[in-house]
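Here the structure comes first, spelled out in structure tokens, and everything after it is commentary.
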Amino acid sequence: MQIPFELILGWRYTRAGRATRRNGFISFISGVSMLGISLGVAALIIVLSVMNGFQKEVRDRMLSVVSHIEIFAPNGAALPDLARTLAEVRANPAVVGAAPFIAAQALLARGEDMKGAMVRGIDPVAEPQVTDVAAGPPQGGMVPSGGSKDTSVPSVGARSTDALKQSSLSRLVSGEFGVVLGVELARGLGVREGDKVTLMAPSGQVTPAGVVPRLKQMTVVGTFDSGHFEYDSTLVLMHMDDAARLFRLEGPTGVRLKLKDLHRARAVASELVGSLSGDLLVRDWTRQNRTWFAAVQLEKRMMFIILTLIVAVAAFNLVSTLVMTVTDKQSDIAILRTLGASPGSIMGIFVVQGAMVGVIGTLVGLLLGLGVAFNIDVIVPALERLLGASFLPRDIYLISRMPSEPQQADIVPIALISLVLAFFATLYPSWRASRVNPAEALRYE
């Protein structure tokens, strides 16, 4: 099969032989453009992969205490028919676990220290079906206020249901009024396993002397560390029967669900709205933390735009490269025109030259970016040892390693945008080459 001469000449001009000083300079400018595209594409892939990794880490830690979907009655009332609700949600093939719960707010006090808390009454037997939160150490779990604490947190996905059954959740026994506290809440109150705390319910008891708050002394039976400060500093877990007695409820106020695919939470929630009986509210995990996820998406979008400008600057360096090439090759263009080459063929030669630079630069950038993104867990520790520094100190950040998660949804648009920008950068110089007048170009040859 005969190769079109446009491709042959375009590839030859891309290599830009160094026979003359000018050709050598053109080759240098072409190489700089190619390098700029490669570095821009690689930077985009690496930054977006790291952002995806951080987002996944925070999301997993958040979902260790927040269920994929919550179904609850309006105004914090008890569910009218718990058995029917559980049967209806388990009929959905996307649901793999369901557990009832009671949600309320209260004050937790020990001595003069007092903290606001989110109280969650759970069934210790059913809770492992919907949560991955790991409790604190079985023996003595809390360090008194002012002590040191290792803030490194194991991966949430590595916590198994068997480990949960052996955790502090299993110590929540109906009638004993035990509580499991988040590690930060326990630290703030200065309590450890076995200590007593006082829980104050928001609604008081009316007596002749006035409204008296309902108080109940609780025993700390353990702690949990989800790795998410918001929940570790406010969440209190207790047995569902004890919560019902304390807050004077007839039963659970809602049901927590775990799905096969957490990314389908919004779609499954919409399905449940149409299939559930009674006046119930359905909320998925994306709506529970809407502000945080919206901020992350906005930051990721802005970072994509900013780094794309780097690729755009490198791509439009091709304009100067091609303009210089066209100026240098005017006599060649004139000879080709006199031999019968059409303006379209001349334009095609320089489009091929610019496209080759864009394609090679993009491919090198993809290989470099993916190589770093997939091996960042090796590269970052090596740089830390080399520089004697820690990029993510354990005493400051929850995550002590640099996470990375390359996603096809990011990589494909990056490659396409780079190629499209490189192609558009070739159009004007190529069009100018096709307009060269052979007589003018050969007048002084």
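Any read-out appearing in this document is the output of simple, stated calculations on the displayed coordinates, not a laboratory observation. On a predicted model such as this, the values are computed, not experimentally measured, just so you know. Note that each Cβ is placed from the backbone with ideal geometry, even for glycine, and that neighbours are counted across all protein chains shown.
Other residues whose C-beta falls under 11 angstrom from the C-beta of Ala94 contribute a net charge of +2, scoring Lys and Arg +1 and Asp and Glu -1.
Each residue of region 374-390 was assigned a 3J(HN,Hα) from its phi angle through the Karplus curve 6.51 cos²θ - 1.76 cosθ + 1.60 (θ = phi - 60°); the sequence is 7, 10, 5, 5, 9, 5, 5, x, 5, 5, 4, 5, 5, 8, x, 9, 10 Hz, with glycine and proline shown as x. The Cβ shell under 11 Å around Val326 holds other residues with a net charge of +1, Lys and Arg each +1, Asp and Glu each -1.
Using the average count of surrounding beta-carbon atoms within 10 Å as a protection proxy, the listed peptides 280-290, 295-305 rank, highest first, as 280-290, 295-305. What number comes out for the charge environment of Arg264, summing +1 per Lys or Arg and -1 per Asp or Glu over other residues with Cβ under 13 Å away? Charge balance near Arg264 sits at 0. Using only Cα coordinates, the Kirkwood hydrodynamic radius of region 268-382 works out to 20.1 Å. Evaluating kT/(6 pi eta Rh) at 25 °C and 0.890 mPa s, with the Kirkwood radius of region 287-345 over Cα pairs in the Stokes-Einstein relation, gives 158 µm² s⁻¹.
Around the amide H of Gln105, modelled in the peptide plane, lie the amide H atoms of Val119, all under 5 Å away and 5 or more residues distant in sequence or on another chain. The convex hull of the Cα atoms of region 234-308, projected and averaged over all directions, covers 8.2 nm².
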